């Protein structure tokens, strides 16, 4: 299942907005048990680590390792993911 993150805006920056987006994603999409949840950042201009942390934490709590971020050239997404990976180490 692909979730177009652009549905939540082009500029995604706050924890409260990330929490809200995660709740919407969890309640709106019902993937099959073996289906991956793929976050597609096409059309998003900016993603802050705080927004992404809220979304990924909530989705991974619900769906585990099935949550993945699709490859992107968006430097904001790339750097936010790096920041979260470094913080998790």
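Since every read-out is calculated from the coordinates, none of them should be taken as a lab result. Fair warning: this is a prediction, and the values are worked out from it, not measured in the lab. Virtual Cβ from ideal backbone geometry, glycine too; neighbours counted across all protein chains shown.
Summary of computed values
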quantity	calculated
Relative contact order (%) - criterion: Cα under 8 Å, at least six apart; region: the chain	36
FRET E, pair residue 34, residue 61, Förster distance 22 Å, beta-carbon r, rounded to 0.05	0.75
Residue 73 paired with residue 13, simple spin-label distance in nm, labels 7 Å along Cα-to-beta-carbon	2.5
Gain on full stretching of the segment that runs from residue 20 to residue 6 - 0.36 nm per residue minus C-alpha separation	3.6 nm
On Cα atoms only, tilt of 75-88 relative to the major axis of the chain in degrees	80
Tilt relative to the chain, helix 15-28 - C-alpha long axis, 0 to 90 degrees, to 10	20
Anisotropy class of the chain from Cα gyration tensor, a/c 1.5 cut	rounded
Highest-MSF residue in the chain out of 12, 52, 70 [GNM, Cα springs under 10 Å]	70
